[in-house]
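Comments concern the structure below.
The values are calculated or read from the model by the stated rules, or taken from the named source; none is laboratory data. Everything quoted here is computed from the prediction, not taken from an experiment. When we count neighbours, we look across all protein chains shown, and the Cβ atoms used for this are built from the backbone with ideal geometry, even at glycine. Side chains included, ligands, DNA and RNA excluded: accessible areas come from the protein's heavy atoms. Shrake-Rupley method; radii C 1.70, N 1.55, O 1.52, S 1.80 Å.
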Amino acid sequence: MNGAASAARLEGVLSAVPSTVRTLERRLAGATPVVVLRALQRRPPRAHTVRPGLTAPLGPLGPLVDASGWRVLDFEGSLLGARAAEFAELVRGHPALTFGLGGANLDAAGAAAVDAPNVRWAPPDAGALLVISGTGAAFPLSRRDGSAPWGLPLEPLGGAWLFGDSRTVLAAGDTFTDLLGVTYQFLQGPSLDEACRALLAVWPG
């Protein structure tokens, strides 16, 4: 399907989205043409958040951001590690938009470069946040993901998160190591963004 046809199909989908939908998710691959990004500017009546998960490098994102009808562009699940400088420019150039960058595979240097008042490290539905110790890569834990988010042995139970076969209840500030030897710090509380920023401030880029 060519770019024009893909854009027309997406426009048709967006026009049929029920007015009650608040968040739209759309996976984008590296070959996504600009015309499709422009089609995403069409916002369903009540929707205010789009998650354009970037699964591969994509061209300039200006066509998605500029004059967008969206209030929140959430890049959770995207691969932005090599694009921190570009996103820093986008974030500062569009202060009225909120950029969700938790779960975007940014290291400490990249996260520090893009951080700004209009950056959100944890979406509103996140019950907690995992941060890879020493790097600053942040991964929201959202109950919409179900069990084992991010491929980790975690499970939500009420307002708590359980870890491993022992179903240990994690507390704010706890750390654990996965099977690959990666150590995570578990953050929980009313201000996940500020807790994440506190870690970024002490970990070198």
| query | Are any of the residues in the stretch 185-195 in contact with a helix residue (DSSP H, G or I) (Cβ under 9 Å, 6 or more places away or on another chain), at pLDDT 80 or above and outside any loop (DSSP other than H, G, I, E, B)? | reply | yes
| task | Given the conditions (1) modelled with pLDDT of 80 or more; (2) more than 13 Å from the chain's Cα centre (by Cα), report the number of the one that R143 does not fulfil. | result | (1)
| said: Six or more apart or on different chains, Cβ atoms under 8 Å: show the pairs whose first residue is in the stretch 1-23 and in a helix (DSSP H, G or I) and whose second is surrounded by fewer than 11 Cβ atoms within 10 Å (Cβ to Cβ). | reply: R9/M1
| Odd one out for T177, checked against (1) among the hydroxyl-bearing types (S, T, Y); (2) at pLDDT 80 or above; (3) crowded, with 19+ Cβ neighbours inside 10 Å | (3)
| said: If a residue must be under 20 Å from D125 (Cα atoms), exposed (fewer than 13 other Cβ atoms within 10 Å of the Cβ) and touching a residue at least 12 places away in the same chain (Cβ under 8 Å), how many such residues does the stretch 180-205 contain? | reply: 1
| field | Of all residues making up the stretch 81-108, the number that are crowded, with 21+ Cβ neighbours inside 10 Å and either part of a loop (DSSP other than H, G, I, E, B) or on the phi > 0 side of the Ramachandran plot (or both) | value | 5
| note | With the first residue restricted to the stretch 112-131 and required to be acidic (D, E), and the second required to be open to solvent by less than 40 Å² (accessible area, probe 1.4 Å), Cβ contacts under 8 Å at 6 or more apart or on different chains are D115/L200; D125/S142
| field | Unmet requirement for L162, which otherwise passes all of (1) more than 27 Å from L24 (Cβ to Cβ); (2) assigned to a strand (DSSP E or B); (3) modelled with pLDDT under 80 | value | (3)
